[in-house]
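In what follows, a structure is listed as C-alpha coordinates, so that the remarks can point back to it.
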Amino acid sequence: MNIDSQIAAVKAAQGALPGERHMLGEAFFGSPAPTSSPGMNTTMQLELAGGAIVFHKPFSGVDVANAIAFRQTDETPPLHEAVAWRLAAALGSPWQEIVAPCVLRDYAGEDGSLSLQASGWPRDAAPTLNPTWCLPAAFFDSLIAQQDRHDGNWRWNGERLTLIDHGYAFALSGAFVNYSDFVVARHAHGAAALCTEERDALTRLLADADLLGMARFLLSDRARALADRARLMLQRGEILHLGEF
Amino acid sequence: MIQVNFTTFERDPDTREWIELPVAQLLADGDDVSISGPHADWINPDLAIVDPETAQRVTRADGAERWARLQPFAYRSGDLNIKVTEVAAVEPVAASFHYSTAG
(Lines give C-alpha, C1' and ligand atoms only; values in the text may rest on other atoms or scores of the structure.)
Protein backbone atom coordinates (compact mmCIF):
# COMPACT_ATOMS: atom_id res chain seq x y z
CA MET A 1 0.00 0.00 0.00
CA ASN A 2 1.45 3.32 -1.05
CA ILE A 3 1.83 5.89 1.71
CA ASP A 4 3.79 8.51 -0.26
CA SER A 5 1.08 11.15 0.08
CA GLN A 6 0.86 10.60 3.85
CA ILE A 7 4.63 10.93 4.16
CA ALA A 8 4.58 14.10 2.08
CA ALA A 9 1.79 15.56 4.20
CA VAL A 10 3.66 14.91 7.45
CA LYS A 11 6.84 16.43 6.02
CA ALA A 12 4.93 19.50 4.91
CA ALA A 13 3.45 19.98 8.37
CA GLN A 14 6.51 19.41 10.54
CA GLY A 15 9.07 21.99 11.56
CA ALA A 16 6.93 24.64 13.19
CA LEU A 17 7.85 23.70 16.74
CA PRO A 18 11.31 24.62 18.08
CA GLY A 19 12.22 21.02 18.97
CA GLU A 20 11.24 19.85 15.50
CA ARG A 21 13.36 22.54 13.87
CA HIS A 22 16.43 21.21 15.68
CA MET A 23 15.63 17.63 14.71
CA LEU A 24 15.16 18.60 11.07
CA GLY A 25 17.86 21.19 10.68
CA GLU A 26 20.86 19.95 12.62
CA ALA A 27 23.46 17.75 10.95
CA PHE A 28 24.19 14.30 12.32
CA PHE A 29 27.45 14.13 14.28
CA GLY A 30 29.71 11.16 13.71
CA SER A 31 28.64 7.59 13.16
CA PRO A 32 25.63 5.78 14.60
CA ALA A 33 26.08 3.63 17.68
CA PRO A 34 27.23 0.15 16.66
CA THR A 35 23.88 -1.44 17.45
CA SER A 36 23.93 -5.17 18.07
CA SER A 37 20.26 -6.05 17.66
CA PRO A 38 20.07 -8.02 14.43
CA GLY A 39 16.80 -9.29 13.08
CA MET A 40 14.48 -6.59 14.34
CA ASN A 41 13.32 -3.27 12.97
CA THR A 42 16.48 -1.42 11.98
CA THR A 43 17.06 1.42 14.41
CA MET A 44 20.07 3.74 14.37
CA GLN A 45 21.08 5.66 17.49
CA LEU A 46 22.59 8.97 16.41
CA GLU A 47 23.78 12.27 17.80
CA LEU A 48 22.73 15.60 16.36
CA ALA A 49 25.25 18.42 16.10
CA GLY A 50 23.66 20.15 19.08
CA GLY A 51 24.19 17.08 21.25
CA ALA A 52 20.70 15.60 21.27
CA ILE A 53 20.46 11.82 20.93
CA VAL A 54 17.93 10.55 18.41
CA PHE A 55 16.75 7.22 16.97
CA HIS A 56 16.23 6.73 13.23
CA LYS A 57 13.89 3.99 12.01
CA PRO A 58 13.92 3.72 8.22
CA PHE A 59 10.83 2.72 6.27
CA SER A 60 12.96 0.06 4.59
CA GLY A 61 13.94 -1.43 7.96
CA VAL A 62 10.52 -2.46 9.24
CA ASP A 63 10.34 -6.10 10.31
CA VAL A 64 7.52 -7.02 7.98
CA ALA A 65 6.38 -10.20 9.74
CA ASN A 66 6.14 -8.42 13.06
CA ALA A 67 4.29 -5.48 11.52
CA ILE A 68 1.80 -7.78 9.84
CA ALA A 69 1.27 -9.68 13.09
CA PHE A 70 0.01 -6.36 14.50
CA ARG A 71 -1.99 -5.72 11.29
CA GLN A 72 0.23 -2.84 10.37
CA THR A 73 1.79 -2.70 6.90
CA ASP A 74 5.40 -2.97 5.84
CA GLU A 75 5.71 0.83 6.01
CA THR A 76 3.24 2.20 8.55
CA PRO A 77 5.33 1.87 11.76
CA PRO A 78 7.68 4.82 11.03
CA LEU A 79 4.74 6.86 9.71
CA HIS A 80 2.71 6.15 12.83
CA GLU A 81 5.67 7.13 15.04
CA ALA A 82 5.58 10.55 13.45
CA VAL A 83 1.79 10.88 13.31
CA ALA A 84 1.44 10.08 17.02
CA TRP A 85 3.69 13.04 17.74
CA ARG A 86 1.80 15.24 15.24
CA LEU A 87 -1.45 14.40 17.04
CA ALA A 88 0.04 15.09 20.46
CA ALA A 89 1.39 18.41 19.20
CA ALA A 90 -1.98 19.30 17.65
CA LEU A 91 -3.84 18.49 20.86
CA GLY A 92 -1.35 20.50 22.91
CA SER A 93 -0.76 20.28 26.64
CA PRO A 94 -0.62 17.90 28.47
CA TRP A 95 -0.23 15.36 25.64
CA GLN A 96 2.49 17.29 23.84
CA GLU A 97 4.64 17.04 26.97
CA ILE A 98 4.35 13.27 27.38
CA VAL A 99 5.06 12.04 23.85
CA ALA A 100 8.61 11.79 22.48
CA PRO A 101 8.96 14.31 19.62
CA CYS A 102 9.32 12.63 16.24
CA VAL A 103 9.79 13.82 12.66
CA LEU A 104 10.25 12.16 9.30
CA ARG A 105 13.77 12.68 7.99
CA ASP A 106 16.28 10.78 5.94
CA TYR A 107 19.57 9.45 7.23
CA ALA A 108 22.23 8.02 4.91
CA GLY A 109 19.78 8.11 2.05
CA GLU A 110 17.06 6.24 3.93
CA ASP A 111 13.79 7.96 4.76
CA GLY A 112 12.37 7.16 8.18
CA SER A 113 11.19 8.40 11.55
CA LEU A 114 13.55 10.30 13.84
CA SER A 115 12.60 10.28 17.52
CA LEU A 116 14.17 12.23 20.34
CA GLN A 117 15.62 10.11 23.15
CA ALA A 118 13.48 10.19 26.28
CA SER A 119 15.08 10.67 29.66
CA GLY A 120 14.60 8.09 32.36
CA TRP A 121 14.26 4.36 32.68
CA PRO A 122 11.73 1.66 31.77
CA ARG A 123 9.45 -0.43 33.97
CA ASP A 124 8.73 2.11 36.69
CA ALA A 125 5.09 1.82 37.73
CA ALA A 126 5.06 5.28 39.31
CA PRO A 127 3.32 7.04 36.39
CA THR A 128 0.55 4.39 36.28
CA LEU A 129 -0.26 5.28 39.91
CA ASN A 130 -0.16 9.05 39.51
CA PRO A 131 -3.19 10.68 37.83
CA THR A 132 -1.04 13.54 36.56
CA TRP A 133 0.60 11.07 34.19
CA CYS A 134 -1.76 8.12 34.00
CA LEU A 135 -4.82 10.10 32.88
CA PRO A 136 -3.29 11.81 29.82
CA ALA A 137 -1.28 8.73 28.86
CA ALA A 138 -4.38 6.52 28.96
CA PHE A 139 -6.43 9.07 27.02
CA PHE A 140 -3.74 9.33 24.35
CA ASP A 141 -3.24 5.58 24.01
CA SER A 142 -6.99 5.04 23.83
CA LEU A 143 -7.35 7.66 21.11
CA ILE A 144 -4.42 6.43 19.00
CA ALA A 145 -5.31 2.74 19.45
CA GLN A 146 -1.90 1.90 20.88
CA GLN A 147 -1.25 -1.83 20.51
CA ASP A 148 1.87 -2.43 22.58
CA ARG A 149 2.22 -0.07 25.55
CA HIS A 150 4.01 -2.40 27.90
CA ASP A 151 6.25 -1.16 30.69
CA GLY A 152 9.27 -1.10 28.40
CA ASN A 153 7.59 1.43 26.15
CA TRP A 154 7.64 4.42 28.43
CA ARG A 155 10.36 6.21 30.33
CA TRP A 156 10.10 7.71 33.78
CA ASN A 157 12.87 9.91 35.16
CA GLY A 158 11.44 10.44 38.63
CA GLU A 159 9.74 13.67 37.61
CA ARG A 160 8.14 13.14 34.25
CA LEU A 161 6.76 10.50 31.92
CA THR A 162 7.62 10.09 28.25
CA LEU A 163 5.73 7.72 25.98
CA ILE A 164 7.92 6.09 23.33
CA ASP A 165 7.44 3.71 20.42
CA HIS A 166 4.25 4.50 18.53
CA GLY A 167 4.91 2.33 15.49
CA TYR A 168 2.14 -0.05 16.43
CA ALA A 169 -0.71 2.40 16.86
CA PHE A 170 -3.66 3.76 14.88
CA ALA A 171 -4.93 0.20 14.78
CA LEU A 172 -8.04 -0.82 12.90
CA SER A 173 -11.02 -2.55 14.42
CA GLY A 174 -10.21 -6.16 15.24
CA ALA A 175 -6.46 -5.64 15.30
CA PHE A 176 -4.26 -7.26 17.88
CA VAL A 177 -3.45 -5.60 21.20
CA ASN A 178 -0.56 -6.83 23.30
CA TYR A 179 -0.54 -4.25 26.08
CA SER A 180 -2.06 -0.91 26.95
CA ASP A 181 -0.95 -0.51 30.54
CA PHE A 182 -2.16 3.05 31.12
CA VAL A 183 -5.62 2.28 29.70
CA VAL A 184 -5.88 -0.73 32.00
CA ALA A 185 -4.61 1.28 34.98
CA ARG A 186 -7.04 4.16 34.42
CA HIS A 187 -10.00 1.79 34.26
CA ALA A 188 -8.71 -0.09 37.31
CA HIS A 189 -8.53 3.18 39.24
CA GLY A 190 -12.18 3.92 38.36
CA ALA A 191 -11.07 7.03 36.47
CA ALA A 192 -12.26 6.21 32.95
CA ALA A 193 -14.56 9.25 32.75
CA LEU A 194 -13.32 12.02 30.48
CA CYS A 195 -12.30 15.31 32.05
CA THR A 196 -13.15 18.68 30.54
CA GLU A 197 -9.86 19.15 28.69
CA GLU A 198 -10.22 15.70 27.15
CA ARG A 199 -13.75 16.44 25.95
CA ASP A 200 -12.52 19.72 24.53
CA ALA A 201 -9.65 18.00 22.72
CA LEU A 202 -11.93 15.42 21.14
CA THR A 203 -14.45 18.07 20.16
CA ARG A 204 -11.70 20.12 18.55
CA LEU A 205 -10.41 17.08 16.66
CA LEU A 206 -13.84 16.16 15.32
CA ALA A 207 -14.85 19.75 14.51
CA ASP A 208 -12.05 19.93 11.95
CA ALA A 209 -12.88 18.14 8.70
CA ASP A 210 -9.15 17.47 8.35
CA LEU A 211 -8.96 16.01 11.89
CA LEU A 212 -6.24 18.55 12.74
CA GLY A 213 -4.22 17.16 9.83
CA MET A 214 -4.60 13.49 10.75
CA ALA A 215 -6.89 12.88 7.77
CA ARG A 216 -3.92 13.69 5.52
CA PHE A 217 -1.25 12.00 7.64
CA LEU A 218 -2.98 8.63 8.04
CA LEU A 219 -4.31 6.14 5.51
CA SER A 220 -8.01 6.89 5.06
CA ASP A 221 -9.31 3.82 6.91
CA ARG A 222 -7.08 4.57 9.89
CA ALA A 223 -8.13 8.24 9.92
CA ARG A 224 -11.79 7.17 9.92
CA ALA A 225 -11.06 4.77 12.77
CA LEU A 226 -9.44 7.60 14.73
CA ALA A 227 -12.55 9.76 14.26
CA ASP A 228 -14.79 6.83 15.21
CA ARG A 229 -12.86 6.31 18.44
CA ALA A 230 -13.05 10.01 19.27
CA ARG A 231 -16.83 10.01 18.70
CA LEU A 232 -17.29 6.87 20.80
CA MET A 233 -15.27 8.33 23.64
CA LEU A 234 -17.38 11.49 23.58
CA GLN A 235 -20.60 9.51 23.36
CA ARG A 236 -19.69 7.33 26.35
CA GLY A 237 -17.94 10.09 28.25
CA GLU A 238 -14.96 7.86 28.98
CA ILE A 239 -11.86 6.35 27.44
CA LEU A 240 -12.24 3.08 25.54
CA HIS A 241 -11.45 -0.34 26.93
CA LEU A 242 -8.35 -2.42 26.27
CA GLY A 243 -8.21 -3.40 22.62
CA GLU A 244 -11.36 -1.50 21.69
CA PHE A 245 -10.19 -0.11 18.39
CA MET B 1 20.66 -22.45 26.74
CA ILE B 2 19.74 -19.07 25.35
CA GLN B 3 21.68 -16.01 26.45
CA VAL B 4 20.25 -12.54 25.85
CA ASN B 5 22.48 -9.56 26.49
CA PHE B 6 20.86 -6.15 26.91
CA THR B 7 23.11 -3.13 26.52
CA THR B 8 22.74 0.59 25.96
CA PHE B 9 24.95 3.18 24.29
CA GLU B 10 26.00 6.53 25.67
CA ARG B 11 28.21 9.23 24.20
CA ASP B 12 31.46 9.83 26.05
CA PRO B 13 31.31 13.60 26.66
CA ASP B 14 35.07 13.98 26.18
CA THR B 15 35.85 11.78 23.21
CA ARG B 16 32.31 11.76 21.75
CA GLU B 17 32.75 8.08 21.09
CA TRP B 18 29.90 5.65 21.74
CA ILE B 19 30.33 3.61 24.91
CA GLU B 20 28.40 0.36 25.26
CA LEU B 21 27.13 -0.17 28.79
CA PRO B 22 25.72 -3.42 30.15
CA VAL B 23 22.09 -3.39 31.23
CA ALA B 24 21.21 -7.01 31.94
CA GLN B 25 21.83 -10.58 30.94
CA LEU B 26 18.98 -13.06 30.63
CA LEU B 27 19.66 -16.79 30.63
CA ALA B 28 16.95 -19.27 29.66
CA ASP B 29 17.58 -22.92 30.30
CA GLY B 30 14.71 -25.36 30.05
CA ASP B 31 11.93 -23.92 32.21
CA ASP B 32 14.22 -21.60 34.11
CA VAL B 33 15.06 -17.98 33.50
CA SER B 34 17.59 -15.89 35.38
CA ILE B 35 18.13 -12.19 34.89
CA SER B 36 21.21 -10.45 36.23
CA GLY B 37 23.14 -7.26 35.69
CA PRO B 38 23.18 -3.63 36.83
CA HIS B 39 19.65 -2.96 35.57
CA ALA B 40 18.11 -6.42 35.77
CA ASP B 41 14.90 -4.78 36.97
CA TRP B 42 14.49 -3.14 33.53
CA ILE B 43 13.72 -6.54 32.02
CA ASN B 44 10.21 -7.83 32.61
CA PRO B 45 10.14 -11.59 33.26
CA ASP B 46 6.37 -11.66 32.78
CA LEU B 47 6.28 -9.79 29.48
CA ALA B 48 4.20 -11.32 26.71
CA ILE B 49 5.83 -10.93 23.30
CA VAL B 50 4.10 -11.28 19.95
CA ASP B 51 5.74 -14.01 17.87
CA PRO B 52 5.81 -12.63 14.32
CA GLU B 53 5.66 -16.11 12.84
CA THR B 54 2.43 -17.09 14.56
CA ALA B 55 1.00 -13.70 15.66
CA GLN B 56 0.48 -15.30 19.08
CA ARG B 57 1.41 -13.84 22.46
CA VAL B 58 4.26 -15.83 23.95
CA THR B 59 5.08 -15.80 27.65
CA ARG B 60 7.74 -17.51 29.69
CA ALA B 61 5.23 -20.26 30.44
CA ASP B 62 5.12 -21.13 26.73
CA GLY B 63 8.80 -22.09 26.88
CA ALA B 64 11.55 -20.08 28.43
CA GLU B 65 13.99 -20.50 25.54
CA ARG B 66 11.39 -19.66 22.88
CA TRP B 67 10.40 -16.60 24.90
CA ALA B 68 14.03 -15.57 25.31
CA ARG B 69 14.63 -15.72 21.55
CA LEU B 70 11.73 -13.30 21.02
CA GLN B 71 13.11 -10.58 23.33
CA PRO B 72 14.30 -8.33 20.45
CA PHE B 73 10.71 -8.07 19.23
CA ALA B 74 9.58 -6.55 22.52
CA TYR B 75 11.93 -3.56 22.54
CA ARG B 76 11.81 -1.48 19.37
CA SER B 77 12.70 1.99 20.61
CA GLY B 78 16.41 1.66 19.92
CA ASP B 79 17.79 2.61 23.31
CA LEU B 80 18.11 -1.04 24.37
CA ASN B 81 20.32 -3.21 22.21
CA ILE B 82 19.60 -6.89 22.42
CA LYS B 83 21.79 -9.76 21.32
CA VAL B 84 20.51 -13.33 21.43
CA THR B 85 22.95 -16.25 21.32
CA GLU B 86 22.71 -19.96 21.93
CA VAL B 87 25.39 -20.97 24.43
CA ALA B 88 26.62 -23.89 26.43
CA ALA B 89 25.77 -23.77 30.14
CA VAL B 90 27.22 -20.70 31.83
CA GLU B 91 27.00 -19.16 35.25
CA PRO B 92 25.21 -15.81 35.55
CA VAL B 93 27.69 -12.96 35.75
CA ALA B 94 26.32 -11.64 39.03
CA ALA B 95 23.59 -12.08 41.58
CA SER B 96 20.45 -12.74 39.62
CA PHE B 97 16.69 -13.08 39.83
CA HIS B 98 15.46 -16.59 39.08
CA TYR B 99 12.09 -17.48 37.57
CA SER B 100 10.76 -20.93 36.84
CA THR B 101 7.63 -22.28 35.26
CA ALA B 102 8.39 -25.83 36.40
CA GLY B 103 5.74 -27.24 38.70
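The values are calculated or read from the model by the stated rules, or taken from the named source; none is laboratory data. Just so you know, these numbers come straight off a predicted model, no measurement behind them. All Cβ positions, glycine included, derive from the backbone under ideal geometry; neighbour counts span all protein chains shown.
Evaluation of residue A:113 against the conditions (1) facing chain B (nearest Cβ under 9 Å); (2) surrounded by 24 or more Cβ atoms within 10 Å (Cβ to Cβ); (3) in a strand (DSSP E or B) shows that the sole unmet condition is (1).
Can you tell me which residue among B:50, B:33 is in contact (Cβ under 8 Å) with a residue 24 or more places away in the chain and touching a helix residue (DSSP H, G or I) at 6+ places or on another chain (Cβ under 7 Å)?
On inspection, the qualifying residue turns out to be B:33.
Residues in the stretch A:133-180 that are outside any loop (DSSP other than H, G, I, E, B), within 14 Å of residue A:98 (Cβ to Cβ) and charged (D, E, K, R): 3 in all. Pairs meeting the criteria (first residue in the stretch A:124-151 and within 14 Å of another protein chain (Cβ to nearest Cβ), second residue in a strand (DSSP E or B) and not polar (S, T, N, Q), beta carbons under 7 Å, at least 6 apart or on different chains) are A:124/A:156; A:126/A:156; A:148/A:179; A:149/A:179; A:150/A:179. Taking the stretch A:1-97 as the region of interest, the helices (runs of 4 or more DSSP H) fully inside it that hold 2 or more residues being over 18 Å from residue B:52 (Cβ atoms), of a type in the set (A, V, I, L, M) and more than 12 Å from chain B (Cβ to nearest Cβ) are A:4-13, A:18-25, A:76-91. If we scan the stretch A:57-65, do we find a residue that is more than 15 Å from the chain's Cα centre (by Cα), outside the structural domain of residue A:160 (by TED's automatic domain parsing), of a type outside the set (Phe, Trp, Tyr) and crowded, with 23+ Cβ neighbours inside 10 Å? So far as the stretch A:57-65 goes, yes, one or more of its residues are more than 15 Å from the chain's Cα centre (by Cα), outside the structural domain of residue A:160 (by TED's automatic domain parsing), of a type outside the set (Phe, Trp, Tyr) and crowded, with 23+ Cβ neighbours inside 10 Å. When you check residue A:191 against the structure, is it in contact with a helix residue (DSSP H, G or I) (Cβ under 9 Å, 6 or more places away or on another chain) and of a type outside the set (Phe, Trp, Tyr), yes or no? Yes. Looking across the stretch B:46-86 at every residue that is more than 14 Å from the chain's Cα centre (by Cα) and among the hydrophobic types (A, V, I, L, M, F, W, C), the one that is farthest from residue B:28 (Cα to Cα) is identified as B:55. Condition first: in contact (Cβ under 8 Å) with a residue 40 or more places away in the chain and hydroxyl-bearing (Ser, Thr, Tyr). Can you find one or more residues in the stretch A:54-66 that meet it? The answer is yes, given that some residue of the stretch A:54-66 is in contact (Cβ under 8 Å) with a residue 40 or more places away in the chain and hydroxyl-bearing (Ser, Thr, Tyr). Return the only residue of A:84, A:69 being surrounded by 15 or more Cβ atoms within 10 Å (Cβ to Cβ), within 21 Å of residue A:119 (Cα to Cα) and not charged (D, E, K, R). Exactly one residue qualifies, and that residue is A:84. Looking only at the stretch B:53-65, residues that are touching a helix residue (DSSP H, G or I) at 6+ places or on another chain (Cβ under 9 Å) and not β-branched (Val, Ile, Thr) come to 5 in all.
Hey, does the stretch B:11-23 have a residue that's farther than 23 Å from residue A:32 by Cβ and under 13 Å from the mean Cα position of the chain (by Cα)? So far as the stretch B:11-23 goes, no, none of its residues is farther than 23 Å from residue A:32 by Cβ and under 13 Å from the mean Cα position of the chain (by Cα). Selection of the stretch A:116-129 for residues being part of a loop (DSSP other than H, G, I, E, B) and not polar (S, T, N, Q) yields A:118, A:120, A:122, A:123, A:124, A:125.
Take the conditions at the interface with chain A (Cβ under 10 Å from one of its Cβ atoms) and surrounded by fewer than 20 Cβ atoms within 10 Å (Cβ to Cβ) and apply them to residue B:18. Does it pass? Against the criterion (at the interface with chain A (Cβ under 10 Å from one of its Cβ atoms) and surrounded by fewer than 20 Cβ atoms within 10 Å (Cβ to Cβ)), residue B:18 qualifies. Under the condition of being in contact with a helix residue (DSSP H, G or I) (Cβ under 8 Å, 6 or more places away or on another chain) and touching a residue at least 60 places away in the same chain (Cβ under 8 Å), the residues counted in the stretch A:68-79 number 7.
Do you know which residues across the stretch A:87-110 are within 24 Å of residue A:49 (Cβ to Cβ), crowded, with 22+ Cβ neighbours inside 10 Å and of a type in the set (Gly, Ala, Ser)? Once the filter is applied, which keeps residues that are within 24 Å of residue A:49 (Cβ to Cβ), crowded, with 22+ Cβ neighbours inside 10 Å and of a type in the set (Gly, Ala, Ser), the stretch A:87-110 yields only A:100.
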